[in-house]
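Chemist: Before we start, here is the structure in question, set down as structure tokens.
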Amino acid sequence: MSFAAQGTHKIDRSAFRFAERMNGLKASAIREILKVTEMPDVISFAGGLPAPELFPVEQFARACQEVLTEDGPAALQYSVTEGYLPLRQWVSDYLHETNHIECTPDQVLIISGSQQGLDLIGKVLLDPGDLVIIENPAYLGAIQAFDAYQARYVNVGTDDEGILTDDLARVLAQAKKLPKLLYLVPNFQNPSGITLSLPRRKQVIAICAEHGIPIFEDDPYGRLRYSGDHLPSITALASGLNCIYMSTVSKTIAPGMRVAWLVMQDRALYEKVVPAKQAADLHTSSLTQRAVYAYARRPGGVEAHVKTMLPVYARRRDVMLKSLEEFMPEGCSWTRPQGGLFLWARMPDSVDTQELLALAARLKVAFVPGAPFWVNCDVRNTMRLNFSNASDDMIVEGIRRLGDVVEAYMAGAR
Ligand SMILES: Cc1ncc(COP(=O)(O)O)c(C=O)c1O
């Protein structure tokens, strides 16, 4: 008789009783959808994937070799939670050069991807029922991270200059409970591709200062600008006051490294986030942090690599915009982002893009339906399109298929 069968209690239902905070938590709609897009021959505009052919594989291999040769066992040892000091120094220099953000290495915390930063800030600031102000539509990963802490959302609409500051001021003036945080992606937002204009950045700072609301500025795409002028970050404009700034190497080098940073001028906040990270993973990989540093300190550093990516992504964006003009039926519209990886398309009101995806999968093209990005409202006719991960020819063919799918749907096909 097997050991399992000898037990006196026959278990015919799960013995796991989940924490209340898991009630609202769903698997990310994007991850579920990505499964569909992994089918062979599908042209996918669904993921947020950078172009793998642009990853600096050889240079990074050399950086890893250098680290192991020069640092030896230290690169394989446990390390401090705050992060590898030379990397934190590099981050503060890089943010000064590229973004005019003034911070010292002891205000920088290295994290295991920006996604961890969202989780840590949620963990440290949010009690169940606390309010977070977000743009609508908002980054799904942030909603997922804050959902785990049972946050509720105050959603503020956007136009082509970003979050509507009049609405933000009105919402705050009327709020019965003070929100704990404003979360924003000001550059080439995920999912919309929209950039917050300079006057709105200043208004956001003034409104939040008036109400004592901290701003969480999530900036993974700021360096990926293909047209227009670089805008100062909110954190730089606010001199870091009551701001949390976050960025990552995921879009400027490669996402598999899982290296990102939080910048927190507020000492009390920093000192809460460090033990929260310690409880989560002790520290970000010593080896990877050192390798990122060895890669970044090369002449030209990260910016030299970014320069090689920009023309490729710019061309792909342009090819997608031109193909949308050519192939999408009347009544569809889309954003024209100046950078980043995504654009956001709106179909005629009668189109439900979740239903459309099933039809699209049959024609072997994929996108992300927009509904999960909308908070506290039911908007069915939007979709996110990624332009960084497919070749020019694939973009043309994929958008041609998508145009056919929308036309077929509107003609009654399901
Ligand atoms: C706005 C935003 N924040 C955070 C992340 C997560 O980035 P990371 O790879 O650094 O975890 C992403 C990834 O797409 C993103 O778009």
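Chemist: Could you put Leu126, Leu118, Leu25 in order, starting from the residue whose Cβ has the fewest other Cβ atoms within 10 Å?
Modeler: So the ranking, lowest neighbour count to highest, is Leu25, Leu126, Leu118.
Chemist: Residue by residue, what Karplus-based ³J(HN,Hα) values in Hz, rounded to whole numbers, does region 385-399 have, using 6.51, -1.76 and 1.60 with θ = phi - 60° and x for Gly and Pro?
Modeler: 10, 9, 10, 8, 9, 10, 5, 4, 4, 5, 5, 4, 5, x, 6
Chemist: Further, regarding this structure: Counting other C-beta atoms within 10 Å, which of Phe373, Phe55 has the fewest, and how do the rest follow?
Modeler: With the fewest neighbours first, Phe373, Phe55 line up as Phe55, Phe373.
Chemist: Treating only the Cβ atoms of Lys and Arg (+1) and Asp and Glu (-1) as charged, compute the dipole magnitude of the chain about its Cα centre; round to the nearest 20 debye.
Modeler: Charge dipole of the chain: 700 debye, to the nearest 20.
Chemist: Residue by residue through region 321-333, what is 3J(HN,Hα) from phi via Karplus (6.51 cos²θ - 1.76 cosθ + 1.60, θ = phi - 60°)? Round to whole Hz and write x for glycine and proline.
Modeler: 4, 5, 5, 4, 4, 6, 10, 7, x, 3, x, 9, 9
Chemist: Compute the FRET efficiency between Lys202 and Ser350 as 1/(1 + (r/R0)^6), taking r as their Cβ-Cβ distance and R0 = 60 Å, and round to the nearest 0.05.
Modeler: The pair Lys202/Ser350 has a calculated efficiency of 0.90.
Chemist: Short version: ³J(HN,Hα) in whole Hz for each residue of region 165-171, in order, from phi by Karplus 6.51 cos²θ - 1.76 cosθ + 1.60 (θ = phi - 60°), x for Gly and Pro, what are they?
Modeler: 6, 4, 5, 4, 5, 5, 4
Chemist: If you take the alpha carbon radius of gyration of the chain and divide it by 2.2 N^0.38 Å, what ratio comes out, to two decimals?
Modeler: 1.03
Chemist: Might you report the magnitude of the Cβ-based charge dipole of region 174-309 about its Cα centre, with Lys and Arg at +1 and Asp and Glu at -1, to the nearest 20 debye?
Modeler: The calculation lands at about 120 debye.
Chemist: Using the per-residue mean of other Cβ atoms lying within 10 Å as a proxy for protection, in what order, highest first, do the peptides 255-263, 316-324, 330-338 fall?
Modeler: 255-263, 316-324, 330-338
Chemist: Name the long-range amide H neighbours of Trp334: under 5 Å, sequence gap of 5 or more, or other chain; modelled H, no Pro or chain starts.
Modeler: Distant-sequence amide H within range of Trp334: Arg346.
Chemist: Can you give the charge dipole size of region 271-414 about its Cα centre, rounded to the nearest 20 debye, using +1 on the beta carbon of Lys and Arg and -1 on the beta carbon of Asp and Glu?
Modeler: Roughly 680 debye for region 271-414.
Chemist: Fully extended, how many nm does the chain gain between His96 and Val80 (0.36 nm per residue separation, minus their Cα-Cα distance)?
Modeler: 3.4 nm
Chemist: Rounded to the nearest 500 deg cm²/dmol, what is the calculated helix-only ellipticity per residue at 222 nm for the chain, with -39500 (n - 2.57) per DSSP H run of length n ≥ 4?
Modeler: That comes out to -13000 deg cm²/dmol.
Chemist: Of Glu82, Glu210, how do they rank once you tally other Cβ atoms within 10 Å and put the fewest first?
Modeler: With the fewest neighbours first, Glu82, Glu210 line up as Glu210, Glu82.
Chemist: Collect residues whose amide H, placed 1.01 Å from N in the peptide plane, falls under 5 Å from the amide H of Trp261; neighbours closer than 5 in sequence don't count.
Modeler: HN-HN under 5 Å from Trp261: Ile111, Ser247, Thr248.
Taken together, the values in this text are just the output of simple stated rules run on the coordinates, not laboratory data. All values derive from a computational prediction rather than experimental measurement. Reconstructed Cβ throughout: ideal geometry from the backbone, glycine too, with neighbour counts over all protein chains shown.
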